[in-house]
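Asker: Structure incoming, see below.
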Amino acid sequence: MDREFLIDLFADFGPVTLRRMFSGYGISVDGTNFALALRAGLYFRADEETIAQFEAEGCGPFQYQTRAKTVKVNSYWQLPARLFDDSEELAVWARLALGAAQRAALRKRPRKARAPAKKAMAKKAAVRKAAAKKPSARKERSARKRSS
């Protein structure tokens with residue numbers, strides 16, 4: 001799928017941002033990625049609230065093959081082929097996918113907020129540990145005076 005085709009496809013949904021990704025594009029709105037356009041097709045973000053719709057249409061999750069196995073990515077599901085001809089209904093599905101992506105982002109936020117704090121605490125602990133090993137200048141001077 002080329003860039004112009006995707007922009008036209010999402011015309012009823014609204015303006016989207018396309019970013020080169022893998023063998024296609026990541027499609028986002030306001031920094032939230034909600035779709036993938038790859039050689040294999042168009043995939044929308046899905047979650048427990050929307051997967052049933054994809055299953056009812058006979059669609060499956062995004063999957064790819066490694067040397068050892070087939071990997072299924074249950075957070076992205078292939079868009080029903082009939083929606084390529086119905087841009088109004090595609091816009092409805094796109095809004096649902098954006099909602100799923102936003103819900104996923106909300107669930108991730110608390111974890112990301114804690115990660116920098118752990119790094120900062122680890123850095124402070126390392127500084128304290130190094131300071132404990134290194135004798136202070138005052139202790140060194142008093143030790144030199146005693147030995148003289």
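Rule-based calculations on the coordinates, nothing more; no lab input. As the structure is a computational prediction, the values presented were derived from the model and not from experiment. Don't worry about glycine lacking a Cβ; one is built from the backbone with ideal geometry, like all the others, and counts go over all protein chains shown.
Asker: I need the Debye-formula profile for the stretch 1-123: one equal scatterer per C-alpha, no solvent, reported as log10 I(q)/I(0) at q = 0.11, 0.14, 0.19 1/Å, two decimals.
Answerer: The calculated log intensity ratios at q = 0.11, 0.14, 0.19 Å⁻¹ are -0.42, -0.64, -1.04.
Asker: Still on this structure, please answer the following. Using DSSP to define loop residues, name the trypsin sites (Lys or Arg not before Pro) in the stretch 1-87 whose beta-carbon has at most 14 other beta-carbon atoms within 10 Å.
Answerer: Sites meeting the loop and neighbour criteria: ARG39, ARG67, LYS69.
Asker: Between MET21 and ASN74, with labels modelled 7 Å along Cα→Cβ, what's the label distance in nm to one decimal, could you check?
Answerer: Going from the MET21 label point to the ASN74 one covers 2.0 nm.
Asker: Estimate the FRET efficiency between ASP2 and SER87 by the formula 1/(1 + (r/R0)^6), using the beta-carbon distance for r and 22 Å for R0, to the nearest 0.05.
Answerer: The computed FRET efficiency comes out at 0.85.
Asker: Project the alpha carbons of the stretch 1-66 onto their principal axes and report the range along each, largest first, in whole Å.
Answerer: Cα extents, longest axis first: 30, 29, 20 Å.
Asker: Between ALA105 and ALA52, 0.36 nm times their residue separation minus their Cα-Cα distance comes to what?
Answerer: Taking ALA105 through ALA52 to full extension adds about 17.0 nm, to one decimal.
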